[in-house]
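As structure tokens, the structure follows; a few thoughts come after it.
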Amino acid sequence: MLEPSTILVLRQIMALTMLSVASYFDIKTRQVDDRIWLIFAIPGIVLYFLAPLPSFTTIFFLVIGTIIGTTWFLTKAFGQADGLAIIALAVVFPIFNEMPVSVLVALATTLLLGLFGTFYNIAYNLSDMLHGNLFHGINEKLHRKILAFLTMHRKRSYEKFVIPSQTGDKFSFHFKPNPDEDFAGDFTGYVSSAFPLLPFMLVALVLFLVIF
């Protein structure tokens, strides 16, 4: 049997390493091998047998985190790898200072992604505005232009992982990821960025550990 403090440190190391490895592949290719979750989840399960029986609170938080991850996976609210990441995190590192790690990480990740994506689009659109190129060739009503200002931007030549959000002179908004949708390629109009979610999850976990 291992000391609870040792188990806690091991779980923190495993969770941070798991999300770091997954984030690398998510940034590089937007694809994460499912085996990564198994490689870390299995040792995470083994740790339950090397420590005193987990408390009801620990089991409850594990179940809630698993439900959230499964919901993400089945509804494709985000990428399916992101749902698996929450499930694996719930198994590997379910509780810290009596708080549900995977639940809070899921909430913080969604918030961070939303804020980053909004400011990312605003920055590019402000640049276009200053150069007199904002919404050039677009025929849309004002309220749709305001929404587009926050949710999309004109594609830059160096951007790879973006999804076309313009058809002719009209915007086509994307509020839910579609794993079967192709990236923009040579498309030159307005796009929505397919941000890798796992790095935000890693940042959320680090912030959680630092704050709490």
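The values are calculated or read from the model by the stated rules, or taken from the named source; none is laboratory data. Given the structure is predicted, the values throughout are model-derived calculations rather than measurements. Using ideal geometry, Cβ is built from the backbone for each residue, glycine included, and neighbour counts are taken over all protein chains shown. Calculation scope for accessible area: heavy atoms of the full protein, side chains included, ligands and nucleic acids excluded. Shrake-Rupley method; radii C 1.70, N 1.55, O 1.52, S 1.80 Å.
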Selection over segment 30-66 where residues are under 15 Å from Met99 (Cβ atoms) and of a type in the set (Ser, Thr, Tyr) yields a count of 3
Does Tyr158 satisfy the condition of being exposed (fewer than 13 other Cβ atoms within 10 Å of the Cβ) and not assigned by the TED database to the domain that holds Ala77? yes
Going through (1) modelled with pLDDT under 90; (2) surrounded by fewer than 18 Cβ atoms within 10 Å (Cβ to Cβ) one by one, Leu147 fails only at (1)
The correct count of residues that are more than 15 Å from Phe187 (Cβ to Cβ) and either in contact with a Phe, Trp or Tyr (Cβ under 6 Å, 6 or more places away or on another chain) or open to solvent by less than 70 Å² (accessible area, probe 1.4 Å) (or both) in segment 120-143 is 13
Does segment 64-71 contain any residue that is assigned to a helix (DSSP H, G or I) and either touching a Gly at 6+ places or on another chain (Cβ under 6 Å) or modelled with pLDDT under 95 (or both)? yes
Taking segment 179-197 and keeping residues at pLDDT below 90 and among the hydroxyl-bearing types (Ser, Thr, Tyr) leaves Thr188
The lone condition Asp182 fails out of (1) among the charged types (D, E, K, R); (2) open to solvent by less than 30 Å² (accessible area, probe 1.4 Å); (3) not in a helix (DSSP H, G or I) is (2)
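In segment 105-119, what count of residues is obtained for those that are in contact (Cβ under 8 Å) with a residue 24 or more places away in the chain and open to solvent by 60 Å² or more (accessible area, probe 1.4 Å)? Steps first, answer last, please.
Going residue by residue through segment 105-119, those that are in contact (Cβ under 8 Å) with a residue 24 or more places away in the chain are 105-106, 108-109, 112-113, 116-118.
From what is left, the residues that are open to solvent by 60 Å² or more (accessible area, probe 1.4 Å) are 116.
Final tally of qualifying residues: 1.
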When Met1 is run through (1) part of a helix (DSSP H, G or I); (2) open to solvent by 50 Å² or more (accessible area, probe 1.4 Å), the failure sits at (1)
Checked pairs for segment 167-180, first within 14 Å of Arg144 (Cβ to Cβ), second modelled with pLDDT of 95 or more and open to solvent by 80 Å² or more (accessible area, probe 1.4 Å), C-beta under 6 Å and 6 or more apart or across chains, list as Asp169/Asn139
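Considering only residues that are more than 23 Å from Pro43 (Cβ to Cβ) and in a helix (DSSP H, G or I), which ones fall in segment 73-108? Give the steps one after another, and end with the answer.
The initial filter retains those residues of segment 73-108 that are more than 23 Å from Pro43 (Cβ to Cβ), namely 74-79, 98, 107-108.
Listed by number, the residues that qualify are Leu74, Thr75, Leu107, Ala108.
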